[in-house]
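Quick notes on the structure that follows.
The values are calculated or read from the model by the stated rules, or taken from the named source; none is laboratory data. Remember, it's a predicted structure, so these values are computed and weren't measured experimentally. Note: ideal-geometry Cβ built from the backbone for every residue, glycine included; neighbour counts use all protein chains shown. These accessible areas exclude ligands, DNA and RNA; they are computed on the full protein's heavy atoms, side chains included. Shrake-Rupley method; radii C 1.70, N 1.55, O 1.52, S 1.80 Å.
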Protein chains: 2
Amino acid sequence: MSEPVRPEARSPRGFVDRRARDLVAERRILTAVSAVYERYGFEPLETGAFEYADALGKFLPDADRPNEGVFALQDDDEQWMALRYDLTAPLARFAAQNWETLPKPFRRYAFGPVWRNEKPGPGRFREFVQCDADTVGSARPEADAEIIAMAAEGLQAAGLPAGSAVLKINNRKLLNGLMAAAGVADDAQKLAVLRAVDKLDRLGPDGVRLLLGEGRLDESGAFTKGAGLNAAAAERVLAFTAAGVGGRSETLTKLADVVGGSAEGDAGLAELEAIDRALTGLGVGVDRAVIEPSVVRGLEYYTGPVFEAELLLQTTDEKGQPIRFGSVGGGGRYDDLVARFTGQPVPATGFSFGVSRLASALRAAGRDLAAEVRGPVVVIAFDQSRMADYFQVAGELRGAGVPAEVYLGASGMKAQMKYADRRLSPAAVIIGEDELAAGTVTIKDLDLGRELSSKVTDNAAWREQRPGQQTIARTEMVAAIRKILDARA
Amino acid sequence: MSEPVRPEARSPRGFVDRRARDLVAERRILTAVSAVYERYGFEPLETGAFEYADALGKFLPDADRPNEGVFALQDDDEQWMALRYDLTAPLARFAAQNWETLPKPFRRYAFGPVWRNEKPGPGRFREFVQCDADTVGSARPEADAEIIAMAAEGLQAAGLPAGSAVLKINNRKLLNGLMAAAGVADDAQKLAVLRAVDKLDRLGPDGVRLLLGEGRLDESGAFTKGAGLNAAAAERVLAFTAAGVGGRSETLTKLADVVGGSAEGDAGLAELEAIDRALTGLGVGVDRAVIEPSVVRGLEYYTGPVFEAELLLQTTDEKGQPIRFGSVGGGGRYDDLVARFTGQPVPATGFSFGVSRLASALRAAGRDLAAEVRGPVVVIAFDQSRMADYFQVAGELRGAGVPAEVYLGASGMKAQMKYADRRLSPAAVIIGEDELAAGTVTIKDLDLGRELSSKVTDNAAWREQRPGQQTIARTEMVAAIRKILDARA
């Protein structure tokens, strides 16, 4: 190891190290959600990190240039491969590759990291974990309904209490019907309308009206060019976006007034009606899933129903200001993604959420799933010649299911106690010559110590009292430790 | 989607798709092992997939050229980054980066994919999942003992029955002492000796003797040049490798005869003695951990104790021939890896195993952890206008914890039953007009059907009997399905 220059210990920008607290929260989410998805008959699938670049396609919302947005490299056979940027493109490749031998429809869920070669920022990483569920090979709107119901149940199982999140459902076909009804045929104008609609949450109807017409001047003085609709067409679009009030059938009736009559609009309405019926059969009420015509979703590969999961819980930012957390996941129907490979239409629909984002949402909602991550019981290394005895004690605790370890550093008593405290250990076990001779152990309740130390200021009195310290028979050790653990459970 | 050329649906060589059976087995292993590691006080850690290339170092056993063996690419700031090839190098980077704020010693475990840009082959992938546990910041041999005990317990928890695997322990310092005793000073000669020793399993003492001396002619007529030791030195090396018989202390006594006296040999012996004592304290007998001087381990970063987990169970190859499965994991002490960054010596030790390899070992040993992966109950889509009712039935089953789904393809009854059978569904639920009117359901026991169909050959009789088919009150559905599930549990 004679390297003249030492490498700096740092990781590439946008890649983070995750420690116990984050991981425990994320694992709990994935375990709970997987159980729900499996109850719905979805099987797990994991594909490799790399796909050939041509198989991935160019469906990233913010990437128009080739290789933009992905981590790509050339294999030794000169072919370009890239790390997956989502779990949908690899599923489409997998389904196309194995179509003949799969049970159809094919239901699968997957979770794992995805990679985006973008500019990292606060809360914006280049690697993050997604969790997806998809049904490939069913064109039925009931397949969408099933995904929606499952997503709602999954989010609840992950820790979002009933009423704290809602699935908002829309249909691209309805949006297309609206465009037809509003006389929009040009793709650029269509995009401008969708972008305006997507800002309803932030700007309200008046702001969106400006963006649908000539354009809008914001507070900073910047002007955004509008979609150029005439007043009647703009009002029609606004009426469309305003239809998402009341129950699902009520919304559908209102929508029929706005977009009914165009072939695509009618097809979209029929799909939403079937979704509504299936959701009712599944017991998913309007408290968990609504039809919301202002939902657009960025990805261009969606072809029919689209859905978005929104957190309704009031959360606060660092300054204590109430904020809307917004979307924690979404999905929709993508009927052409498998056909890219096979040439045969293979309908598909799915839902995806970001695991860290959901964990943040839960934390913001005051539901920290990992707040109680504890350290092990620390057996103090009192006497170097007695290490084997200490190991025996630690083994005894582990045998009873209690996490435990022997201190293995080089420091003295005081530092060892500090170490135990730093690890949030519930207790320390101290065994000196006296204890060994008498067949006893001394147990220090560190939970109690932490609790009391915030109240007691007199050091001398503290040492006198030795709060939470007891010397007991070795045979009673496990029971005493259990009592300490249970007191803080 | 107007691409003129359709991409081929295939994944890059050496990257595999893993489906339910493999994933269920791997997840069970990881869950069981994580529980053991946490009981030992190890906290989970996940680092990003990429590290800067200089931080990774060049410690791959088969890679001497820069970037050989890894997937590397240049970031937009021109820095080279590479996907991690193991979990040890990222830990060293993490420990160096956070040393000041970590509790010391720092114990962590991690699992996740690693990537090696090598030639793929049968059972040899370019992406595979490793599971590691390491202690950073303790120079004590007891830290090695703890890792060894934990590895043994972890493998057992993963499904390897007691007595089916053994941890073999050696010490690089002992090997160095042996070299000194045998008069080997030259690095190339040392490497030749280690390589010869590493072949003891395959060639036996006579073959190794030739490789330690002038060289060996194999059956194919190829000649391997030997290490060039004189006869006395070769016998000393062979005596060393033969010392691993009997109990741990017996082996240590024999080893003292061969390498005792050299400073490094004595240091190595003292470490192994401390490991032996700690293992005894932890209740790890010679059935689970032995001292085996022929263990070498490929990675050059090991500096002290090294260990290897070997499967003892007899397994058979495809032709039914008995084979030795060999190593399922290994590790050792690497005291210089963190110092690469900090310049300060930071001792560390760890153990690693390949998750898929362990799953293969378990399968080869007849312990298929996922043999029982079942499909969901399938509710047959008998009447298109009744989908909401079917969803309600499926929801009822899920509510009772039974995986269930409504068939959502476009095919008729026969294909639907075939689909249910293909998914290894325990049962199908059929609800037609009669059932709806009467408040009943018809349940088909597919497990029983599969069992009987191997015995009955008369199709007409089969249809007549309708084995395992029953029409019962809807209120009794869940209980009846449970009965079918329990019968095959």
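Per-structure values
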{"read-out": "Sequence-distant residues sharing a close amide H with B:L312 (under 5 Å, placed H)", "value": "B:A165, B:V166"}
{"read-out": "Probe 1.4 Å, accessible area per residue of chain B, Å²", "value": "43"}
{"read-out": "Averaged over B:387-399, number of beta-carbon atoms from partner chains that fall within 10 Å", "value": "5"}
{"read-out": "Helix A:141-158 vs. chain A, principal-axis angle (Cα, 0 to 90°, nearest 10)", "value": "30"}
{"read-out": "Degrees between helix A:172-181 axis and first principal axis of chain A (Cα, 0 to 90, nearest 10)", "value": "30"}
{"read-out": "Where B meets A: accessible area buried, both sides, 1.4 Å probe, Å²", "value": "8700"}
{"read-out": "Aspartates and glutamates with Cα under 16 Å of B:K414, excluding same-chain neighbours fewer than 8 positions away", "value": "B:D383, B:D445"}
{"read-out": "Computed lengthening from B:K225 to B:K483, 0.36 nm per intervening residue step minus Cα-Cα distance", "value": "86.1 nm"}
{"read-out": "Average beta carbon contacts from partner chains per residue of A:400-413, 10 Å cutoff", "value": "5"}
{"read-out": "Enclosed volume per residue, in Å³, of the convex hull spanned by Cα atoms of the stretch A:93-233", "value": "210"}
{"read-out": "Delta accessible area of at least 30 Å² on complex formation, residues of the stretch B:144-165, 1.4 Å probe, chain isolated as reference", "value": "B:E146"}
{"read-out": "Computed [θ] at 222 nm, helices only, for the protein assembly as shown once each DSSP H run of length n ≥ 4 contributes -39500 (n - 2.57)", "value": "-12500 deg cm²/dmol"}
{"read-out": "Square roots of 5 times each gyration tensor eigenvalue, C-alpha, chain B, largest first, Å", "value": "55, 26, 23"}
{"read-out": "Centre separation in Å (Cα based) which lies between the stretch B:24-56 and the stretch A:121-199", "value": "34"}
{"read-out": "The stretch A:243-319: trypsin sites (Lys or Arg not before Pro) falling in loop per DSSP and having at most 16 other Cβ within 10 Å", "value": "A:K319"}
{"read-out": "Diffusion coefficient, µm² s⁻¹, Stokes-Einstein with Kirkwood Rh over alpha-carbon pairs of the protein assembly as shown at 10 °C and 1.306 mPa s", "value": "50"}
{"read-out": "Kirkwood Rh and Cα Rg combined as Rg/Rh, the stretch A:266-397", "value": "1.27"}
{"read-out": "Cβ-based net charge around A:A182, under 12 Å, with every Lys or Arg adding one and every Asp or Glu removing one", "value": "0"}
{"read-out": "The stretch B:1-57 pair-distance distribution - Cα-Cα, 5 Å bins, rounded %", "value": "4, 11, 10, 11, 15, 17, 14, 8, 5, 3, 2, 1"}
{"read-out": "Kirkwood estimate for the stretch B:377-487, i.e. one over the average of 1/r between Cα atoms, Å", "value": "14.2"}
{"read-out": "Folded to 0 to 90 degrees: helix B:187-198 orientation relative to chain B principal axis, Cα", "value": "50"}
{"read-out": "Accessible-area composition of chain B, carbon plus sulfur, in percent [1.4 Å probe]", "value": "50"}
{"read-out": "Under 26 Å from the Cα of A:K225 - lysines, other chains or at least 8 residues apart", "value": "A:K173, A:K190, A:K199"}
{"read-out": "Rounded to whole Hz, the Karplus (6.51, -1.76, 1.60) HN-Hα couplings of the stretch B:35-42, x for glycine and proline", "value": "4, 5, 4, 5, 5, 8, x, 8"}
{"read-out": "Relative contact order (%) - chain B, alpha-carbon pairs under 8 angstrom, separation at least six", "value": "14"}
{"read-out": "Inter-part distance where the stretch B:212-260 and the stretch A:365-406 are each reduced to a Cα centre, Å", "value": "42"}
{"read-out": "Cβ-defined net charge surrounding B:T253, 12 Å radius [Lys, Arg +1; Asp, Glu -1]", "value": "-2"}
{"read-out": "Formal net charge of residues neighbouring A:R333 (Cβ-Cβ distance under 11 Å; K, R +1; D, E -1)", "value": "-1"}
{"read-out": "Minimum 30 Å² accessible area buried by the other protein chains, the stretch B:256-284 residues, probe 1.4 Å, relative to alone", "value": "B:G281, B:L282"}
{"read-out": "Shielded residues, the stretch B:14-39 - accessible-area loss of 30 Å² or more between chain alone and all protein chains, probe 1.4 Å", "value": "B:F15, B:D17, B:R18, B:R19, B:A20, B:L23, B:R27, B:R39"}
{"read-out": "Quotient of Cα Rg and 2.2 N^0.38 Å for the stretch B:212-305, N being how many residues it contains", "value": "1.30"}
